[in-house]
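Each remark here refers to the structure printed beneath this line.
What follows is calculated from the coordinates using simple rules that are stated; it is not laboratory data. All figures in this text were calculated on a predicted structure; none of them were measured in a lab. For neighbour counting, all protein chains shown are included, and Cβ atoms are generated from backbone atoms with ideal geometry for every residue, glycine included.
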Amino acid sequence: METQRVWSEKLRSFLFNSKFVGFLFVLLLVGLNILVLSKISYVFHPIEVLFKTVALPLLLTTVVYYLLNPIIDYLEKRNVKRIYSILALYLLIAGIITLAVTAVIPLVRQQIASLASNFPHYFEQFRLQIEEWLGSDFFEGIQETLNFDPAQLTANISERASSILNNTWSSVGGIVGTITEVVLSIVTVPFILFYLLKDRKKLTPFALGFVPTKLRDRFLTVMLEMNHQISSYIRGQIIVSFCIGCLLYIGYLIIGLDYSLTLAIVAACTSIVPYLGPAIAITPALIVALVTSPIMLVKMIVVWTVVQLVEGKFISPQIMGKTLNIHPITIIFVILTAGNLFGVLGVILAVPGYAVLKIVATHLFRWFKARSGLYESETANR
């Protein structure tokens, strides 16, 4: 009887005094709230439309803001008013855009048009070259060993390419609508950016005004860490991508590769995505080089290898450093997951988004660890 009373008291103490049970109860309430909100999701449809409308302009503005704000801050320290610095930068950017439109874009457009018209021929030559290699005695032995049918592989690739082409043509209307949305977003960027740069110092006090007084210090710490991570990543990744594009363009010019400027621009744009971007960018360069000649293919691979070594050993360590402190395997998994969930935009935002979530999760865990008492040592409780 005494044993039953003791166990009853222990059970009552565990259920009503245990912090772990309280934590489980909070999780249950959060789950119930999520369930209820999912049943009335139509209420949030206007908010979803608003978010989709302003997301792209705010995203583009944020990228440009983190690129220009350090320059504005530097000039302000030199006793130049922010409004004058902003106007001077706007005039400089307008001049650069005008120069690009008049000098660079016509050349790029010509190369893109030529590459687009010749790409089916290049792809066919590439396919024939692969079939010729697969038909050699060496590869025939491998095919017999692995039970590999190159004809079936070629048929599957052609079928997949035809399916992608048909889907592309069927979604021309969606593409036109997306282009229109992007153009409108780009037009609104200078106006949003102007006020964001001008009133930068007012943003932090404004945001802190909505936070309870006791949480403001912790909230400010989280915001500063997030700002540092995002700004360092955006500036570093764009500078690294620009350097890769310039180095590849110089290398392609030296070896005489066709469409060198277009291929370098493609490589620079795709290099914004870590690890996976360079693998995507090398594909069109490989096809063009292989169709040109086997010697050109070897030269292109040498140029690409040298550029990747320079970027990995010298450029990225100096510019990016240990900014994100995220393991490469984690980055690859995050990019693949975000790509499957959100498409191209998810691939671009995967790494900085993960860095922000990591900061928030780390501070929440520290807060829970300090408040729950579940991680205190047994000697401290005695």
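Overview of values
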| item | result |
| --- | --- |
| Over 30 Å (Cα to Cα) - which of Lys52/Lys77; Lys214/Lys358; Lys52/Lys358; Lys52/Lys313; Lys313/Lys358; Lys52/Lys369 fall in this group | Lys52/Lys77; Lys52/Lys313; Lys52/Lys369 |
| Modelled FRET efficiency - R0 56 Å, Val302 with Leu50, Cβ distances, 0.05 increments | 0.65 |
| Ser38-Leu59 FRET efficiency (beta carbon distance; Förster radius 25 Å; 0.05 resolution) | 0.40 |
| Residue (of Ile280, Leu336, Val302) at the positive-pole extreme of the stretch 191-348, dipole from beta-carbon charges | Leu336 |
| Residues of the stretch 55-73 with amide N under 20 Å of a point placed 7 Å along Cα→Cβ from Leu184 | 55-62 |
| Ile250-Ala207 pseudo-label distance in nm [points 7 Å out on the Cα-to-Cβ vector] | 3.8 |
| Charge dipole of the stretch 188-329 about the Cα centre (unit charges at C-beta), most positive-ward option of Phe191, Val222, Gly209 | Gly209 |
| Full-extension gain in nm, His228 to Arg366, via 0.36 nm per residue minus C-alpha separation | 47.7 nm |
